[in-house]
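Working notes for the structure below.
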Amino acid sequence: MGVVRHLRQVDADAAGVDTAFRADVRAGLSQAQKAIPARWLYDATGSALFEDITALPEYYPTRSETDLLKRHAAAMAAAIGPGRAVVELGSGSATKTPLLLDAIAPAAYVPVDLSGMMLRDSAADLAARFPGLPVYPVEADFTQRVLLPREIAALPKLGFFPGSTIGNMVAASAVDLLRNWRAALGDGSRLLIGIDRIKDRATLIAAYDDPAGVTAAFNRNLLERINRELEGDIAIENFLHRAVWNDAQARIEMHLVAACDMAFTVDGHRYRMAKGETIHSENSHKYGPRDASLLLRAGGWTPLATWDDADPAFALILAEATEPRSAP
């Protein structure tokens, strides 16, 4: 059937700029600890750079998750069952998706992503690979409430949330997202989610600060995007990439570090940064088995099965929709 239709659920202003991006940047640069949500790293250039990151030898999550999908496809298919509409959150290039679709014989595929260009390309590629499968791409921010295509309303659904992307959110936001998708996917739905485990600091830092500098370029591209879309004059060469392990929060943090005192204008507003001050651009939380289970249950999902890769530690968890419990 191919790509049936492309749904777009993004609010843009007269200049064509996502209104949420503008609001998040202005708010984030006004804070004492400047911070911009990680989802804005993924414009067309950022998404392409992230695909380059996934191929780096230091970046284990994609490799580990792909291996799990290959080795345990039959067991996952038996647990999931055929005939579900697969709704992929933050689908990106959807490189791992064919492994899942091959295994479970879905009734439809709904990729949800904020990067419209990559969404269109990946949806067309998958439609060509699976010619009998209806594909309904939805251009939207999956961290917000998303309206799913009416064509899948009556189908049982499987949420697919790979890549340990849930780790980009603090616990409260992660629980909110899981509850939103529990409501959107409905009773009887299931969720297959990638969860990165806590591991040694050296492995973690190397995955987010590669010697080739690809992750640094990915991080600094956020400033390029701000300059381009919000008429900024940030001197990008004056910012350094930094990845640190925050042991108390069990997370990798990515920061853009001011290499000198500076001032710059964004969207008509003037901002100042002192040397050493940072813009916090991404979190990547890591979860032990108990914490992952608590997170899912708080979001309205009860774990059914877990497939683990021991080296480096990574997991795919299948959960079913239940009533949310108290947040962890």
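The values are calculated or read from the model by the stated rules, or taken from the named source; none is laboratory data. Since the model is a prediction, treat every value here as computed from it, not as a measurement. Cβ: placed from backbone, ideal geometry, glycine included. Neighbour counts: every protein chain shown. To get the accessible areas, we keep the full protein, side chains included, count just its heavy atoms, and leave off ligands, DNA and RNA. Shrake-Rupley method; radii C 1.70, N 1.55, O 1.52, S 1.80 Å.
So for the stretch 170-185 (the condition being assigned to a loop (DSSP other than H, G, I, E, B) and either within 21 Å of the chain's Cα centre (by Cα) or free of Cβ contacts under 8 Å to residues at least 24 places away in the same chain (or both)), does at least one residue qualify?
So far as the stretch 170-185 goes, yes, one or more of its residues are assigned to a loop (DSSP other than H, G, I, E, B) and either within 21 Å of the chain's Cα centre (by Cα) or free of Cβ contacts under 8 Å to residues at least 24 places away in the same chain (or both).
What are the residues in the stretch 162-211 that are in contact with a helix residue (DSSP H, G or I) (Cβ under 8 Å, 6 or more places away or on another chain) and among the aromatic types (Phe, Trp, Tyr), if any?
TYR208
Going by the conditions given, is ASP311 over 17 Å from PHE161 (Cβ atoms), modelled with pLDDT under 95 and open to solvent by 20 Å² or more (accessible area, probe 1.4 Å)?
yes
I'm trying to understand the selection: among the residues of the stretch 135-164, which are assigned to a helix (DSSP H, G or I) and closer than 13 Å to LEU178 by Cα?
Correct list: empty.
Checking the conditions here, which among ARG179, ARG220, ARG225 is open to solvent by 10 Å² or more (accessible area, probe 1.4 Å) and closer than 30 Å to ILE104 by Cα?
That would be ARG179, the only listed residue that is open to solvent by 10 Å² or more (accessible area, probe 1.4 Å) and closer than 30 Å to ILE104 by Cα.
Of all residues in the stretch 215-265, which are of a type in the set (S, T, N, Q), over 29 Å from ASP200 (Cα atoms) and not in a helix (DSSP H, G or I)?
Scanning the stretch 215-265 gives a single hit, THR265.
Can you pull out the residues in the stretch 139-162 that are surrounded by 22 or more Cβ atoms within 10 Å (Cβ to Cβ), touching a Leu at 6+ places or on another chain (Cβ under 7 Å) and within 17 Å of ALA123 (Cβ to Cβ)?
Within the stretch 139-162, PHE142, PHE160 meet the criteria.
Could you give me the residue pairs with C-beta distances under 7 Å whose first residue belongs to the stretch 61-85 and is under 11 Å from LEU316 (Cα atoms), whose second residue is open to solvent by less than 60 Å² (accessible area, probe 1.4 Å) and of a type in the set (Lys, Arg) wherever it lies, and which are 6+ apart or on separate chains?
Correct list of pairs: GLU65/LYS96; THR66/LYS96; LEU69/LYS96.
Anything in the stretch 268-292 that is open to solvent by less than 40 Å² (accessible area, probe 1.4 Å) and either part of a strand (DSSP E or B) or touching a helix residue (DSSP H, G or I) at 6+ places or on another chain (Cβ under 6 Å) (or both)? List them, or say none.
Residues satisfying the conditions are TYR271, MET273, THR278, ILE279, HIS280, SER281, GLU282, ASN283, SER284, HIS285.
Is one or more of the residues making up the stretch 70-84 β-branched (Val, Ile, Thr), within 21 Å of the chain's Cα centre (by Cα), at negative phi and buried (at least 16 other Cβ atoms within 10 Å of the Cβ)?
No, every residue in the stretch 70-84 fails to be β-branched (Val, Ile, Thr), within 21 Å of the chain's Cα centre (by Cα), at negative phi and buried (at least 16 other Cβ atoms within 10 Å of the Cβ).
Only one of (1) open to solvent by 50 Å² or more (accessible area, probe 1.4 Å); (2) modelled with pLDDT under 95 fails for SER47. Which number is that?
(1)
Give the residues of the stretch 198-217 that are out of contact with any Asp or Glu (no Cβ under 8 Å at 6 or more places or on another chain) and open to solvent by less than 20 Å² (accessible area, probe 1.4 Å), sorted by residue number.
Of everything in the stretch 198-217, those that are out of contact with any Asp or Glu (no Cβ under 8 Å at 6 or more places or on another chain) and open to solvent by less than 20 Å² (accessible area, probe 1.4 Å) turn out to be LEU204, TYR208.
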